[in-house]
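Worksheet: one structure, shown below.
The values are calculated or read from the model by the stated rules, or taken from the named source; none is laboratory data. Note that the structure is a prediction, hence the values are computed from the model and not measured. Note that each Cβ is placed from the backbone with ideal geometry, even for glycine, and that neighbours are counted across all protein chains shown. Each accessible area value is taken on the protein alone, full model and side chains, heavy atoms only, with ligands, DNA and RNA left out. Shrake-Rupley method; radii C 1.70, N 1.55, O 1.52, S 1.80 Å.
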Amino acid sequence: RAWVMLTLENNIIELCVSDDGNASPNDLLATDKSKHKGIASIMEKVNNMDGKVNILDNSPHGICVQIILPMKGDVSYQYFISR
């Protein structure tokens, strides 16, 4: 199962995608980036928008990928909507 939470508070967008699988944060943060191209791509894009990606343990099983993005005025909304 997976859960998705999206919030906007104080001009900060937070997206959390968590599951109850058997992966661990270390599995996704492995040094071999070729195994996790999707995560590497997400991290690059979020970083380009001055955001942050956290990969957390979702005890007792699974992981949570948390993406935090700052909204910087009305122009930010246009950027996200046009993608």
Give me a count of the residues in segment 38-57 that are in a helix (DSSP H, G or I) and under 21 Å from residue 71 (Cα atoms).
8
Count of residues meeting criterion [within 19 Å of residue 7 (Cβ to Cβ) and open to solvent by less than 80 Å² (accessible area, probe 1.4 Å)] in segment 39-62
9
